[in-house]
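**Student:** Sharing a structure with you now.
Computed from the coordinates by the stated procedures, all read-outs in this text should not be read as laboratory data. Predicted model only: the values in this text are computed from it and were never measured. Reconstructed Cβ throughout: ideal geometry from the backbone, glycine too, with neighbour counts over all protein chains shown.
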Amino acid sequence: MRQKIVAGNWKMNTTPAEGVGLLKGVAELKKEVCACVRLIVAPPYTHLCPVAEAAKGTGIALSSQDCATEAKGAYTGEVSASMIASLGVEYVILGHSERRQYYGETSDTLNKKMAQAFSNDLAPIYCVGEKLEERETNRHFDVVRAQLEEVIFNLTSEQFSKVVIAYEPVWAIGTGKTATSDQAQEMHAFIRKVLAEKFGDAAQETSILYGGSCKPSNAAELFAKPDVDGGLIGGASLVAEDFIAIAKSFAK
């Protein structure tokens, strides 16, 4: 069976002390969640060390929100994959729509970050998704296919086995809009089909998360779809009770 995953992307929110408190709140409620669900939290860089310490023994995994394209050197303000991995972090989010939109990340950039992630045993959570204009002009499948082919298709089969995919309909992030469960399933099934063209049956083992305004009120309907294996949660991950409520959408 594919791994069920609920990952919380805290983005640029909370102080380190607040982040530790949030982690402890999630850990306290984790017993209510099916053991079949992997919980991941992605704090800002400044929080990774104290949150990693607080997460020890809880079964909650840590992710970075990004990593540098280079291993080390004169890159002021950057944080390398090796620095991240040294803290006990297991995952790294790559290609988030906000990184693509606000910071001009391209497939070339993401291929370099992928290489750094794998060189340091970080499992990528690779984000794909279309903007509203791309969906309205019926180009959403082409956009997502290109995002997969230009980066994921460059991986070896062994590397691919460690990747988690997150589908983000960009028009549904921070807007209050949400793709219907049928729209999410349609795209998730398409993503799995595209991955199978390159990696065959291994695509059936890849967890594909939904990442567009997933919240307690719609998680169960989304997660009931056969190709939706969990969520990459933004705003709702900043409240422990909401994050756990989403995770509880997978029945025990």
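**Student:** Report ³J(HN,Hα) in whole Hz for each residue of the stretch 70-79, in order, from the Karplus equation J = 6.51 cos²θ - 1.76 cosθ + 1.60 where θ = phi - 60°; Gly and Pro get x.
**Tutor:** Computed from phi, the couplings for the stretch 70-79 are 10, 6, 5, x, 7, 10, 3, x, 8, 10 Hz.
**Student:** Follow-up. Quick one: length gained pulling Cys36 to Ser107 fully straight, 0.36 nm per residue minus the C-alpha distance?
**Tutor:** Stretched out fully, the Cys36 to Ser107 stretch lengthens by 22.3 nm.
**Student:** What ranking of Ser119, Ser181, Ser97 emerges when the number of other C-beta atoms within 10 Å of each C-beta is taken as an exposure proxy, fewest first?
**Tutor:** Ser119, Ser181, Ser97
**Student:** Want the number for Lys24 to Gln159: 0.36 nm per residue separation, take away the alpha-carbon distance, what's left?
**Tutor:** That pair, Lys24 and Gln159, stretches by 45.4 nm at full extension.
**Student:** Relative contact order of the stretch 4-247, please, whole-number percent, based on alpha carbon pairs below 8 angstrom and at least 6 residues apart.
**Tutor:** Once normalised by length, the contact order is 22 percent.
**Student:** Further, regarding this structure: Under 5 Å between amide hydrogens, which residues at least 5 positions from Lys4 or on another chain qualify, with H placed 1.01 Å from N in the peptide plane?
**Tutor:** It is Arg38, by chain and number.
**Student:** Let me ask another. Count charges around Glu136 for me, please; just the other residues with Cβ under 13 Å from its Cβ, Lys/Arg as +1, Asp/Glu as -1.
**Tutor:** +1
**Student:** May I pose another question? At Ala115 and Val143, where each label point lies 7 Å from the Cα along Cα→Cβ, what is the point-to-point distance in nanometres?
**Tutor:** According to this spin-label approximation, the distance is 2.8 nm.
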